[in-house]
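The values are calculated or read from the model by the stated rules, or taken from the named source; none is laboratory data. Source: prediction; values computed, not measured. Ideal geometry is used to build each Cβ from the backbone, glycine not excepted, and the neighbour counts take in all protein chains shown.
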Amino acid sequence: MQKATRIILTLLLFLLFFVWSEVIRGSNPDGYSLYFFDVGQGDAALIQRGSYQILIDGGPDDSVLTALGRVMPPSDRHIEMVILTHPHADHYNGLIHVASRYKIDRIFMNDMGDESPTYSEFIRRIISQNIAISVPDPSNVLFLPLGATLEFLWPYEAEGAANLNNISIVNRFCYVEKCALLLGDLENDSQQALLASKPNKIRAEIIKIAHHGSRNASNSALLQQVAPLYAVISVGADNRYKHPHPEALAIIEETRSVMWRTDQNGSVEFWISRGQLELIRH
Ligand SMILES: [Zn+2]
């Protein structure tokens, strides 16, 4: 066989394999995609099944719109649920843009805000678009399509908190025993309190590392209890805070999980189907 023919046949085989794996994925609707978007220095994650979406934080600017446009069905202009983990601009600014393009049914957020004009604009936008606001209780569990669950694990007490990072809404999403723990920007001391209060509720295959991998972002005992296979750090390239911090990285490395950094690796999708978990690079 000529060399050129062999190369063409190999390429065809790769193409066939790619098409076939997409066909299998497309014909297997019993699953959820969990995306962590590269939105620079901030957080934006999406749980999606078909036309059903939950967006957790919106990142620092309108780059979340490009990310959503890439993965949502083209005719879908409706997001069922938004969660704002805490009122910092690198989490809510993008949601102002999201609310201007998409119809949002409900937003979960704490009843504490910051004093900035952009936060006021965010609140005005929610009110003017009649988006239902819910303040979650740390014992809430939402039952999602296919029997998936979204647990609210934190905060216990938002009022009067000196550090808004520590009122971050913490969620655990689970589908058929595969879970993802999303820590918002919860810092070390509050992670310790979360571990003490809910030691049996935090195990997860995927963890969204808190606070962009800052020095105070990773509690070793909590991470050991979570025992993740994948650790995602949502962080901007060359950010002025120098996140992630080497000490946080060292604590994450102790778990021997696969680390995914949005600044170096870009956006990522986890496909969670019955008993399976697959990482897909975007
Ligand atoms: Zn943040």
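Among the numbered conditions (1) surrounded by fewer than 19 Cβ atoms within 10 Å (Cβ to Cβ); (2) under 30 Å from S273 (Cβ atoms), the only one that I127 does not meet is (2). The residue of region 55-81 that is farthest from the ligand (Cβ to nearest atom), among those that are β-branched (V, I, T) and surrounded by 24 or more Cβ atoms within 10 Å (Cβ to Cβ), is I79. Checked against (1) more than 16 Å from the ligand (Cβ to nearest atom); (2) part of a helix (DSSP H, G or I); (3) over 26 Å from R49 (Cβ atoms), L146 passes all but a single condition, namely (3).
Selection within region 184-239: residues that are of a type in the set (D, E) and surrounded by fewer than 23 Cβ atoms within 10 Å (Cβ to Cβ). The member of this set that is nearest to Q276 (Cα to Cα) is E205.
At least 1 residues that are within 11 Å of the chain's Cα centre (by Cα), over 26 Å from E115 (Cβ atoms) and modelled with pLDDT of 95 or more in each: list the strands (runs of 3 or more DSSP E) lying fully within region 43-93 that qualify. Working first, answer last.
Details: elements: 45-49, 52-56, 78-83.
Strands (runs of 3 or more DSSP E) meeting the threshold: 45-49, 52-56.
Within region 180-206, being within 16 Å of the ligand (Cβ to nearest atom) and at negative phi holds for L182, L183, D185, L186, E187, N188, S190, Q191. On the stretch given as region 100-113, residues that are farther than 22 Å from N171 by Cα and not in a strand (DSSP E or B) total 3.
Mind listing just one residue for me: the one in region 149-176 that is within 16 Å of the ligand (Cβ to nearest atom) and part of a loop (DSSP other than H, G, I, E, B) and, of those, nearest to R49 (Cα to Cα)? Going through the qualifying residues, I end up with I169. If you scan region 211-242, which residues turn out to be modelled with pLDDT of 95 or more, closer than 13 Å to S257 by Cβ, within 17 Å of the chain's Cα centre (by Cα) and in a loop (DSSP other than H, G, I, E, B)? Scanning region 211-242 gives P228, L229.
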